[in-house]
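Contents: one structure, followed by commentary.
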Amino acid sequence: MSLRNRALILTCCLAFGFTIVSLRLVQIQILDGDRFHQEAIRNHFERVAVAPTRGMILDSHGTILAKTHVVYDVRMDGKELKKPEQDLPLISKILEIPLAQLKAVYSPTKRYELLKTNLPEETVSALKDLKLKSLIFERKAIRAYPNGEHGSHAIGFVDQQCSGVMGIERLMNKELKGISGERWIERDVRKREIAAYRRKDVRPVDGMNVQLTLDLGIQHVVEESITRVMEKTKANAVYSIVMRPKTGEILAMASRPNFDPNQGGAKELSQLRNRCLTDVVEPGSTFKIVTLAGVLQEGLMSLNTQIFCENGSFYFGGKLLHDDEANGVLTVEEVLARSSNIGFCKMGLALGDERLYTYSKQFGFGAVTGMMMGQGESAGILNPLHRWTKVSISRIPMGHEIGVTPIQMVSAYSAIANGGRLMEPRLIRSISDHQGRVVRAFPPHVIRQVIQEKTANLVSGALTRVLSSDGTGKRANVPGFTVAGKTGTAQKVINGTYSKEKYLASFVGYMPQENPEFVILVMVDEPKGREYHGGQVAAPAFAEMAAQIAQSLNLVPKSAPATKAAL
């Protein structure tokens, strides 16, 4: 082959080669350019989410009920630890880990060994000052509840992703969690960040702060009191709510059993349940205010109207109704003070089915309050009229054949204390940003006027007789103050029949009666022992709480100062 032909073949081969390369370059840069560009970004760039700081939950005075701590986990890359004999003692001293233990953990082949968790900023800063590439820091947020179990059912807790699971943490999760930021970083071939090439840095927006109506001082009083009641009576459960009747604000809300939110919840679901919202109980005599309010409002009776209480036994609809004491003729006020079931049966008969049902609805029974939506609140049990039996009108007036929740009952008594105005129960006062500016406020809201103010005043005055020397609630008295309230001792329904061994003891009351500042509900489920009546179990607890709450609110007694009552 001639030299010319060889040159021609070589030239053609080179031309063909360059053509192939050019076509490949066209394919890579033009036809598939976007795909390779995105792949390069994936290989060299990383989008890192920057978590916001979850907002705080505060009580009505601004005291912290829940807050977020930023902590770190520290790990060690053994391959990057170039001088272990020199560096391990330094790490050991700062982390307060025995050197022998740290040496046992260290290995040049271990790339991601956990050394210690939940380190504070100060410790991490000291470690960073060592400037060791072998140490890896992982930032995380931990939710802390400074008051432990106190207020746990209302406040709730978060999961491992710092998202609300129950309580206010869940109800206000959107407002509390904030908005995540992001950071785009470029890494070299060794996956190290090239700080100079950082492309994008969007700061997170921290969560809002939620201020509650809870008063931590009052909450502590309630928590400690019901703990003593639980220990003394060996009850299945104890509930207590303190409400400001003029505004509907919940000053305290607690129940037993409970849990510590710092432990991430509880072992048993029964501990997590907010019984003040979820548990439905037959209230017994505390419900009698509805019947009394109805007959007074309708003008059917006055407080001086006399009722024959049948000497303790009364047949109606073929069934026996009895009182604990054999009473003859009593005034309406005396019927309330002595809690005569027969007397209230006759009031109910005078009121009639439709009006009794209407007043029960008007006071809020048979419907959820909506105070904490999505928290399992029950509407209770108030059967429609077509499901009433012929004896219902004799049983419902005294608190049988109806199921209520503690929040419904304290709201009903607050309506009496507030001149007949039923307020919407409120647990949230306001939402503010991290600079303290109020973003949204939750003012008091009147649901409706249940009864006239003069009727409410009559009922309120009659409730003070319950605490007289011949009343069932005399152990609820607070020295220096006039207290209005009602005891309740309801037999629990077991397998369709009323038990003679299991009771729900309760007391609901408020003070000062002439200008009520707070309403307290105390319910004790199945107290054990010889004392099981509401006047024996719940009324003393009310007196103990009320005396301390009066001091907390700086209420001035009319005579002697408020003193702590002994259980």
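Derivation of every value follows stated rules applied to the coordinates shown; laboratory data play no part. This structure is a prediction, so every number in the text was calculated from the model and none was measured. Positions of Cβ are generated from backbone atoms using ideal geometry, with glycine treated the same way; all protein chains shown enter the neighbour counts.
By how many degrees, 0 to 90 and rounded to 10, does the Cα axis of helix 216-233 deviate from the longest principal axis of the chain?
70 degrees
Give the order of I218, I136 when sorted by the count of other beta carbons within 10 angstrom, beginning with the fewest.
Details: I218 22, I136 18.
Sorted ascending by nearby Cβ count, the order is I136, I218.
Taking 8 Å as the Cα distance limit and 6 or more residues as the minimum spacing, I'd like the relative contact order of the stretch 216-552 as a percentage.
For the stretch 216-552, the relative contact order is 22 percent.
Please compare each pair in K319/K361; K288/K558; K79/K103; K319/K486; K83/K103 to a cut-off of 21 Å on the Cα-Cα distance and tell me which ones are over it.
Violating the 21 Å limit, Cα to Cα: K319/K361; K288/K558; K319/K486.
Over the chain, what is the relative contact order in whole percent, taking alpha-carbon pairs under 8 Å and six or more residues apart?
It comes to 13 percent, rounded to a whole number.
Over the residues of the stretch 435-567, compute the C-alpha Rg and express it relative to 2.2 N^0.38 Å.
So the stretch 435-567 has a normalised radius of gyration of 1.25.
Suppose only helical runs count, i.e. DSSP H with n ≥ 4. What mean residue ellipticity at 222 nm does that imply for the chain under -39500 (n - 2.57) per run, divided by all residues and rounded to the nearest 500 deg cm²/dmol?
Per the formula, -10000 deg cm²/dmol.
Any chance you could tell me what percent of the C-alpha pair distances in the stretch 488-535 go past 11 Å?
The calculated P(r) of the stretch 488-535 puts 69 percent of pairs beyond 11 Å.
For helix 406-417, report the angle its Cα long axis makes with the longest principal axis of the Cα atoms of the chain; keep it between 0 and 90° and round to the nearest 10°.
Helix 406-417 and the main axis of the chain meet at about 50 degrees.
For the stretch 314-436, max minus min Cα coordinate along each principal axis, in Å, sorted largest first?
Here the spans come out as 67, 32, 23 Å, largest first.
What whole-number volume per residue, in cubic angstrom, does the convex hull of the C-alpha atoms of the stretch 216-552 give?
Numbers: hull volume 48.1 nm³, N = 337.
Roughly 143 Å³ of hull volume per residue.
Which angle between 0 and 90 degrees, to the nearest 10, do you get for helix 353-362 versus the longest principal axis of the chain when only C-alpha atoms count?
Relative to the chain, helix 353-362 is tipped by roughly 40 degrees.
Expressed in nm², what is the orientationally averaged projection area of the convex hull enclosing the Cα positions of the chain?
If you wrap the Cα atoms of the chain in a convex hull and average its projections, you get 42.6 nm².
Nearest 20 debye, what's the magnitude of the dipole of the chain about its Cα centre given +1 on Lys and Arg Cβ and -1 on Asp and Glu Cβ?
Charge dipole of the chain: 2180 debye, to the nearest 20.
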